[in-house]
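I have placed the structure first, in the form of C-alpha cells, so that the comments after it can refer back to it.
The values are calculated or read from the model by the stated rules, or taken from the named source; none is laboratory data. Nothing here was measured: the structure is a model prediction, and the numbers come from that model. Note: ideal-geometry Cβ built from the backbone for every residue, glycine included; neighbour counts use all protein chains shown.
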Amino acid sequence: MKFQVYFYRAANGKCQACDYARAMDINHQAKAKRWFKALAKLGPDMPDEYGKHLRDGVWELRVIIHRRQHRFLYSFWKNIVIVTNAFLKKSREVPESEIKKSRKLMTDWISRRG
C-alpha cells in the first residue's frame, strides 16, 4: 500500500469519523472499508466518483448506497491519509462548516504529531 490511513483522534481520544462509521449499517460499513483500502492504494489518484479534492487540501471519500451519501473528509500529510470527520450529505454542496472543521482538525493533528 502506498498510503497509510489514520483516523483523527482528539487529545481526549475521541474519533468522530470512527463513531460515525460504527453507527453505519453493516453493509455500508463494508463498502466504506473497501473504499478506504482503495484510498490507501491509490491516494490522490482515486477516481472522482469515489474521492475528490474539494479545496484547501481537503478531500472527500464518497460512500453512496441506496441514496444515502456518506462523506468522509480527509487530507494528505506525507504518505499518510488523515480522515478527520464524517457526515451524511443532505445538500448539493459539502457544507462549508464540515470543510472548516476538517482543516482545523488537520492543523491540530499536525501540531500534535508533526
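Checking TRP59 against (1) more than 16 Å from TYR8 (Cβ to Cβ); (2) among the hydrophobic types (A, V, I, L, M, F, W, C); (3) touching a strand residue (DSSP E or B) at 6+ places or on another chain (Cβ under 8 Å), only one condition comes out false. Which one?
That leaves (1) as the condition not met.
Does SER102 satisfy the criteria of being among the polar types (S, T, N, Q) and within 14 Å of the chain's Cα centre (by Cα)? I'd like the intermediate steps shown before the answer.
Details: among the polar types (S, T, N, Q): yes; within 14 Å of the chain's Cα centre (by Cα): yes.
Answer is yes for this residue.
Name the single residue, out of those in the range 26-71 being under 19 Å from PRO95 (Cα atoms) and loosely packed, with under 12 Cβ neighbours inside 10 Å, that is modelled with the lowest pLDDT.
Our first condition is that a residue be under 19 Å from PRO95 (Cα atoms); within the range 26-71, this holds for 48-64, 67-71.
Right, trim to loosely packed, with under 12 Cβ neighbours inside 10 Å and you get 48-49, 55-56, 67.
Numbers: ASP48: 89, GLU49: 89, ARG55: 95, ASP56: 93, ARG67: 82.
For the range 26-71, the residue satisfying everything is ARG67.
When you look at ILE99, is it at pLDDT 95 or above, surrounded by 12 or more Cβ atoms within 10 Å (Cβ to Cβ), over 24 Å from LYS2 (Cβ atoms) and aliphatic (A, V, I, L, M), yes or no?
Values: at pLDDT 95 or above: yes; surrounded by 12 or more Cβ atoms within 10 Å (Cβ to Cβ): yes; over 24 Å from LYS2 (Cβ atoms): yes; aliphatic (A, V, I, L, M): yes.
It is true that ILE99 is at pLDDT 95 or above, surrounded by 12 or more Cβ atoms within 10 Å (Cβ to Cβ), over 24 Å from LYS2 (Cβ atoms) and aliphatic (A, V, I, L, M).
Report, by residue number, each residue of the range 1-22 that is of a type outside the set (D, E, K, R) and exposed (fewer than 11 other Cβ atoms within 10 Å of the Cβ).
Taking the range 1-22 first, the residues of a type outside the set (D, E, K, R) are 1, 3-8, 10-13, 15-18, 20-21.
Residues satisfying the conditions are ALA11, ASN12, GLY13.
Just for the range 1-25: of the residues that are aliphatic (A, V, I, L, M) and in contact with an Asp or Glu (Cβ under 9 Å, 6 or more places away or on another chain), which one is modelled with the lowest pLDDT? Steps first, answer last, please.
Step one: of the range 1-25, the residues aliphatic (A, V, I, L, M) are 1, 5, 10-11, 17, 21, 23-24.
Subsequent filtering for residues that are in contact with an Asp or Glu (Cβ under 9 Å, 6 or more places away or on another chain) retains 10-11.
Values: ALA10: 95, ALA11: 92.
Within the range 1-25, the match that is modelled with the lowest pLDDT is ALA11.
Does ARG112 count as at pLDDT below 95, within 17 Å of CYS15 (Cβ to Cβ), not in a strand (DSSP E or B) and not acidic (Asp, Glu)?
Values: at pLDDT below 95: yes; within 17 Å of CYS15 (Cβ to Cβ): yes; not in a strand (DSSP E or B): yes; not acidic (Asp, Glu): yes.
Yes: the conditions hold for ARG112.
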